[in-house]
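The structure under discussion appears below in the form of structure tokens.
What follows draws every value from the coordinates through simple rules; no lab data is involved. No experiment lies behind these values; they were computed from the predicted model shown.
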Amino acid sequence: MKKFAMLGVLALSASVAFAQQPPAAPPTDPAQAPAPAEKSGDSKQMTGQVVSVDVPGKTITVKKDAADITGKTLAVDTAALTTLKSIYPGDKVKLTWKTDASGKEMVQSIEKDKSSAPNPQ
């Protein structure tokens, strides 16, 4: 019985020792190094079709083309919230957004394509 107890203690100590080993060093080859994160404040643009709008949640989901099944959901800044209220699924829009220091993407402006405006009757 003592042998089994000693074997259990030995196995437990070995697992603790391996768990505390430092992680492997990052690659020094520049080709293997991860790409630098995008600069915060750089604005991006995307033109596409609106999939959904969530005014209370301040988000918009837009897909680039018919092959894009899920689309991209972005948070909307308060400056673009007024425009968000007049956007509907199926509308064609041009979004401009920025990525903040924490990596969160925030839509700064929404431009509705004139061809998706309702026809006057």
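Taking amide H positions as modeled 1.01 Å from N, with prolines and chain starts lacking one, the residues under 5 Å from D91 and 5 or more places away or on another chain are V50. For the Cα trace of region 43-116, dividing Rg by the Kirkwood Rh returns an Rg/Rh value of 0.93.
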